[in-house]
Amino acid sequence: MVAQKTGTVRGVIYTKKTGEPAMFINVKVKGTTLGGTSDVNGLFSIPKVPVGKQVLTISAVGFKELTKEVEIKANRITSVKLKVEEGVTEIEGVEISAEAIENKTEVKMSVTKVSSKEIKQIPTIGGEADIATYFETVPGVVSTGDQGGQLYVRGGSPIQNKILLDGMTIYNPFHSIGFFSVFDTDVIRNAEIYTGGFSAEYGQRISSIMDITTIDGNKNRLAGRVSSSPFATKLMVNGPLLKQNADGGGKSITYVLSAKHSYLDRTSKVLYDYVDTNGLPFNFTDLYGKVSVNGESGSKFNLFGFRFTDRVRYKALSDYNWSTFGAGSNFVIVPGSSPVFITGKFSYSKYTIELAQIFDDELIQDQKRSSSVDAFDFGFDFKYLLGDNAVRFGFEVDGPTTEYTAFNTLGNRIELNNNNTNFGAYINLKYIIGRLILNPGFRYQYYNGIKLRQGGFLSNNSPEPRLGLKFNATEKLRIKAAGGLYSQNLMSANSDRDVVNLFYGFVSSASNVPKKFTEQDLEQRDVTHALQRSTHAILGFEYDFTSKLSLNVEGYYKWFNQLTNLNRTKIYEDNGENTDKPDALKKDFNLETGHAKGVDFVVKYDDKRINMFAVYSLGYVDRWDGTQLYNPIFDRRHNVNLIASYKLGEKKDWEVNFRWNFGSGLPFTQTQGFYHSVDFNEEGIGTAVEQENANDLSVLYGELNRGRMPAYHRLDLTVKKGFRFDNSSSKFMKNSKMEIVAGVTNAYSRRNIFYVERVTNEIVYQLPILPSVGISWSF
């Protein structure tokens, strides 16, 4: 018996309209079971295709079916370039869904994939859709508020979430007003949000990953969008610097430019003076640019840069601002004679944040807090696409330099400056055996620079096995599981115990840690490392009721083996004079452990005119600090999100968006009473207590976070009307669309509590009802 000769067909798929890579498109070899799916760069590869003439069928929801004849040669790679056109594909009355195929060929544990189109189905805030609002609807995500609220993912704090923009780490992705991120929705091609159990290609975070990929730019013509609302104005343009050949071949160069600026601090004095006569104190500016050089085979080289700024002058009590800028490059290489895809990246960025108190309209400079991260990052990834199977491996080197200056409650100055170089390498496999999908992986992470102040080094090696698997039990039911070990060296310069804390600084190399840690069973263990670590275990299932209605259920457990926080009770220097003092009073950092467990339910309905999904999360989070067990301020027991988007009219030019969010009360520390504060610093024990100023009150706190705030709930609505100019004689106008957006945030003006001023007992509420009207022009 003679073995059949085979070859490989490999290619790149673009959209005909813009020339952008077409993601998650099904490619099949007609008359066989062979096939593959395009990745985020539009690339696919199908091995072991019989030699001779073969027909490829390309299909996906939203695109017309395409066929392409190719000639397969023995032991050779045949490269093709395909362009798909928007439209409707149906075979025997059933729409072809790339997501449905992916559900059966990928583990997809605790991941939400979202495009700019899906982000725009969430009610807009101030007329502009933003991924920050979408992130709040992801299963397991908890937000602590509208103003300066942070996002916590399945028990992990914000510092434990890694945000990537084209491979570059963004250290602060969300603006102070919690509705907006630094990312322009119109430049997002794809975003993948992992809330746990992520694979070995991601490292240096112990809770979650958000990986954002931006568009390359329109290869055919000048395009863009301009919009304005009471909250902000935005301009985005993209197009070709060098066009392809008339037949779509050859090299092309494209660009993307985006700018958005908020003037809410001024417009709110007129439009929203009922919130605060001084206006809402939020202001930000975001700039982003990118140039892409695109080869004919799918290879490309990108250069990009950004600058994001944010400023808040809150209730005349503090002046807060941060800025970040960066530049980088990434590339994709598709070798002509090798079945491997090579990607790489290099980037540099700097993030700076400052917070100063204001007294009598003057900044108190000697009490100013500041922090910065100065970092570079480069790495290479290699991927073999073997049909539905894949092998991926790579390495990454990064070098964050962190600086932190602050003052503790005793007025002592704290300065922490660290310089690190970290190395990570990984291998990740995907192998399908019948109905079983296996996704094992391993990551080795090395952290340089963790040197003990008292001499010696702590362990800075972190071997991290990962595993994901899925079993296709039936055509409709799929059972899945994932788990792994995770670590990070970067920590936040604020405390997880702060209910309201705009200051978001960073510290690395937590070296001055206690030598011992007391576990919950009161046994003491030696501290062998200063890393933050976690262990994830997740089990769930997916069920398709119909091709349009599905259910996803995931139960998770995260064990935070070790967490590192700044020691806010330090009063002694850690030197030879204070060897008899306890570590809790002299170390720069203290340690904690913790647990997060829960279950997330997602019901999703997706049709041509209506899209709906409902999310319910049941969660429990605790922390142990060596002396007490407590619930952190983001421990929300119940969280509900109901989202719907409906398109009306013959041309679908009307759209209604709906979101209702409910969250049970968050923990807080109650006030037990007050006492007179006496200053013993000058006279010591001889201080005349009866002559001291009795007007200075100090707070007597109750047990940590034993109280619960009232429940949070909010309704947001948006109505959109689009206007097209299909009958215009102008080509520019035919490609244009005007859209008017009317929306309302917190439609029934729920008085959600922001915080309570302890001494005066004044209640400060989250934002009330905020109506807005925006207008945009796409071209």
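The values are calculated or read from the model by the stated rules, or taken from the named source; none is laboratory data. Quick caveat: nothing in here was measured; it's all calculated off a predicted structure. Virtual Cβ from ideal backbone geometry, glycine too; neighbours counted across all protein chains shown. Remember, those area values only see protein heavy atoms, side chains included, never the ligands or the DNA or RNA. Shrake-Rupley method; radii C 1.70, N 1.55, O 1.52, S 1.80 Å.
Extending 7 Å from the Cα toward the beta-carbon at both Ser749 and Ile342 defines two label points whose distance is 6.3 nm. In a reduced charge model with +1 at each Lys and Arg Cβ and -1 at each Asp and Glu Cβ, the range 563-607 shows a dipole moment near 160 debye about its Cα centre.
Looking at Ser736, Val719, Thr760, which one has the Cα that reaches farthest to the positive end of the dipole of the range 696-778 (charges on Cβ: Lys, Arg +1; Asp, Glu -1)? Positive-most Cα among the choices belongs to Ser736.
Here the alpha carbons of the range 271-327 define both size measures, Rg and Dmax, at 19.2, 59 Å. Counted residue by residue at 0.36 nm each, then reduced by the alpha carbon distance between them, the extension gain from Tyr274 to His713 reaches 156.0 nm.
Of all aspartates and glutamates in the structure, the ones whose alpha carbon falls short of 14 Å from that of Lys28, not counting any fewer than 8 places away in one chain, are Glu65, Glu69, Glu102, Asp388.
Mean residue ellipticity at 222 nm, helices only, the chain: -1000 deg cm²/dmol; runs of at least 4 DSSP H residues each add -39,500 (n - 2.57), and the sum is divided by the number of residues. In a simple Cβ point-charge model (Lys, Arg +1; Asp, Glu -1; nothing else charged), the chain has a dipole of about 3780 debye relative to its Cα centre. Which one, Ser199, Tyr446, Asn172, is farthest towards the positive end of the dipole of the chain when Lys and Arg carry +1 and Asp and Glu -1 on their Cβ? So the residue furthest toward the plus end is Ser199. Computed about the Cα centre, the dipole magnitude for the range 587-631 is approximately 240 debye when only Lys and Arg (+1) and Asp and Glu (-1) carry charge, each at its Cβ. Across the range 112-123, computed HN-Hα scalar couplings (Karplus, 6.51 cos²θ - 1.76 cosθ + 1.60, θ = phi - 60°) run 10, 9, 9, 10, 4, 4, 6, 4, 6, 7, 7, x Hz from first to last residue, x flagging Gly and Pro.
Element breakdown for the chain at a 1.4 angstrom probe: carbon and sulfur atoms account for 56% of the accessible area. Do the alpha carbons of any pairs in Lys234/Lys731; Lys30/Lys737; Lys300/Lys350; Lys260/Lys570; Lys383/Lys721; Lys162/Lys737 sit beyond 32 Å of each other, and which pairs? Going by Cα-Cα distance, Lys30/Lys737; Lys260/Lys570; Lys383/Lys721; Lys162/Lys737 fall outside the 32 Å limit.
In whole angstrom, how far apart do the alpha carbon centroids of the range 525-543 and the range 269-312 sit? Rounded to whole Å, the Cα centres lie 34 Å apart.
In summary, the aspartates and glutamates within cross-link reach of Lys651, defined as a Cα separation below 13 angstrom excluding same-chain residues under 8 places away, comprise Asp726. Reducing the range 597-670 and the range 1-71 to their Cα centroids gives an inter-centroid distance of 38 Å.
Shown here for the range 615-652: trypsin sites (Lys or Arg not before Pro) in loop regions (DSSP other than H, G, I, E, B) with at most 11 other Cβ atoms within 10 Å, namely Lys651. For the chain, the equivalent ellipsoid built from the Cα gyration tensor has semi-axes of 47, 32, 24 Å, listed from largest to smallest.
Take every Cα pair under 8 Å whose residues are at least 6 apart in sequence, average their separation, divide by the length of the range 712-779, and the relative contact order is 35 percent. Only protein heavy atoms count here; under a 1.4 Å probe, Arg311 has an accessible surface of about 120 Å². Would you work out if the range 142-289 is rounded, prolate or oblate? Take a ≥ b ≥ c from the square roots of the eigenvalues of the alpha-carbon gyration tensor; rounded if a/c is under 1.5, else prolate when a/b is larger than b/c, oblate otherwise. Here the range 142-289 falls in the oblate category. Summed over the residues of the chain and divided among them, the accessible surface reaches 44 Å² per residue at a probe radius of 1.4 Å.
Put Arg225, Arg478, Arg568 in order of accessible area, highest first, and with a 1.4 Å probe you get Arg568, Arg225, Arg478. Of Asp377, Asp544, the residue with the largest accessible area leads and the full order is Asp544, Asp377 (1.4 Å probe). A dipole drawn for the chain from +1 and -1 charges on Cβ atoms has a positive end, and of Thr671, Gln121, Thr8 the residue lying farthest that way is Thr8. Computed from phi, the 3J(HN,Hα) profile of the range 584-601 under the Karplus parametrisation 6.51, -1.76, 1.60 (θ = phi - 60°) reads 4, 10, 9, 7, 5, 10, 10, 10, 9, 10, x, 9, 9, 9, x, 9, 10, 10 Hz, with x in place of Gly and Pro.
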